[in-house]
1. Would you mind telling me which numbered condition in (1) of a type in the set (S, T, N, Q); (2) open to solvent by less than 100 Å² (accessible area, probe 1.4 Å); (3) modelled with pLDDT under 75 residue 13 fails?
2. Read through the list (1) charged (D, E, K, R); (2) at pLDDT below 80; (3) surrounded by fewer than 14 Cβ atoms within 10 Å (Cβ to Cβ), then give the number of the only condition that residue 19 fails.
3. Before we move on, is residue 2 at pLDDT below 70 and open to solvent by less than 100 Å² (accessible area, probe 1.4 Å)?
4. Restricting to region 46-58, give me the number of residues that are open to solvent by less than 70 Å² (accessible area, probe 1.4 Å) and modelled with pLDDT of 80 or more.
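The values are calculated or read from the model by the stated rules, or taken from the named source; none is laboratory data. Note that the structure is predicted; figures quoted are calculated from it, not measured. All Cβ positions, even for glycine, are placed from backbone atoms using ideal geometry, and neighbour counts span all protein chains on display. Ligands, DNA and RNA are stripped out before the accessible areas are found, and what is left, the full protein with its side chains, is counted by its heavy atoms. Shrake-Rupley method; radii C 1.70, N 1.55, O 1.52, S 1.80 Å.
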Amino acid sequence: MITDLTFFTNEENRTIKDRFKILLQKSTSFDCLVGYFFVSGFHEIYPALENTQKIRILIGMGIDPKAFKLIEYAKLLDQARRILFPCKDERDC
């Protein structure tokens, strides 16, 4: 059994997701500085961040193609909603 928790190796039973789930439950802040961070994988750890007061993620310029498509789809849905159901006043928007 490996007891050194310094590194996340993503070996069986030592994934970064599993380690984050433990560490983040008691964290008050989460700062992540990485060369890349795919938002599509964020859903794997977000429940552990439920009580985190401050989250900051600095990411590179690349984007996960799946996340990009989801963002574009959400924009289209919002445009369609605004056309089909125009805002009556600011509270409706």
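1. If we test residue 13 against (1) of a type in the set (S, T, N, Q); (2) open to solvent by less than 100 Å² (accessible area, probe 1.4 Å); (3) modelled with pLDDT under 75, just (2) comes out false.
2. (3)
3. yes
4. Total satisfying the criteria: 3.
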